[in-house]
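The values are calculated or read from the model by the stated rules, or taken from the named source; none is laboratory data. The structure presented is a predicted model; accordingly, all values stated were derived computationally and were not measured. Virtual Cβ from ideal backbone geometry, glycine too; neighbours counted across all protein chains shown. Remember, those area values only see protein heavy atoms, side chains included, never the ligands or the DNA or RNA. Shrake-Rupley method; radii C 1.70, N 1.55, O 1.52, S 1.80 Å.
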Amino acid sequence: MGDESTGASALAAGLRVSHEDRDQAVEILRFAAGSGRLTAAELDERVEAALAAKTVGDLRELTADLPLEGLPPQPREVLRIDQRFGDAKRAGRWRVPRRMEVRLMFGDLKLDFTEAVIAHSTLEIEVDLRVGGDLTLVVPPGVVVDADGITKSRGDIKLPPVPGPETPIRLRVLLSGTSTGGDIVARPPRRLPWQRRGKPGSVNTG
């Protein structure tokens, strides 16, 4: 009986993980960090490993020394941005939510995913772009943008070519909503993080 149990456990450890499995592991890690069980450096290292995990066993190793008791249920994250007469920006190591609601009028918003903390496979952004409201997405390799859900009466939509099947997809950004006067532009970063670090004194221009 013990051999059968051991064999079943080993088989389960070899199963491929789903997006939901990765999300759950990341939430366990974040809760542990918030409880003081992991340092910020350990959290970053383990989250990065969780997002790259391929099997259930890979994820188990990252959370094996952490308790699950007290883990709160995670509500769906929504980030709302209502920007008028000014510019807004999310860049650096910002945490990408599951969903965003963006309203812009005479103001621009730049979302830079180059160094963002991505814990989910999909980001839904519902937009309401009015006169003078432009949305710029800085998308490194592995982040793709789908604007098929946008209803446009004015303004331009410019997206990079869809990557080939050889490119692993880390995040799909699904845009929906209306544009009655604003532009939507998705572009690659001017330089990737390791290229910036390779030049001391360089300025992050995104």
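Observations, loosely collected:
- Residue pairs whose Cβ atoms lie under 6 Å apart, separated by 6 or more positions or on different chains, with the first residue in segment 171-184 and closer than 9 Å to GLU126 by Cβ and touching a residue at least 12 places away in the same chain (Cβ under 8 Å) and the second part of a strand (DSSP E or B) and acidic (Asp, Glu), are SER176/GLU126; GLY177/GLU126; GLY177/ASP128.
- Odd one out for ALA119, checked against (1) in contact with a Leu (Cβ under 6 Å, 6 or more places away or on another chain); (2) assigned to a loop (DSSP other than H, G, I, E, B): (1)
- Scanning segment 26-37 for residues that are open to solvent by less than 30 Å² (accessible area, probe 1.4 Å) and either over 22 Å from THR55 (Cβ atoms) or within 15 Å of the chain's Cα centre (by Cα) (or both) gives VAL26, GLU27, ALA33.
- Qualifying position, being of a type in the set (Gly, Ala, Ser) and open to solvent by 30 Å² or more (accessible area, probe 1.4 Å), among GLY142, GLY149, GLY86: GLY149
- Residues in segment 152-171 that are within 20 Å of PHE106 (Cβ to Cβ) and crowded, with 18+ Cβ neighbours inside 10 Å: 1 in all.
- For segment 74-83, the set of residues classified as free of Cβ contacts under 8 Å to residues at least 40 places away in the same chain and touching a strand residue (DSSP E or B) at 6+ places or on another chain (Cβ under 9 Å) consists of ARG76, GLU77, VAL78, LEU79, ARG80, ILE81, ASP82, listed by residue number.
- Flag if LEU111 is open to solvent by less than 50 Å² (accessible area, probe 1.4 Å), without any contact (Cβ under 8 Å) to a residue 24 or more places away in the chain and assigned to a strand (DSSP E or B): no
- When GLY36, GLY7 are checked against the criterion of being part of a loop (DSSP other than H, G, I, E, B), at pLDDT below 85 and more than 25 Å from THR122 (Cα to Cα), a single residue qualifies: GLY36.
- Yes/no for SER176 being modelled with pLDDT under 90 and in a strand (DSSP E or B): no
- When residues of segment 119-132 are limited to those that are crowded, with 17+ Cβ neighbours inside 10 Å and within 8 Å of the chain's Cα centre (by Cα), the one farthest from ASP183 (Cα to Cα): ALA119
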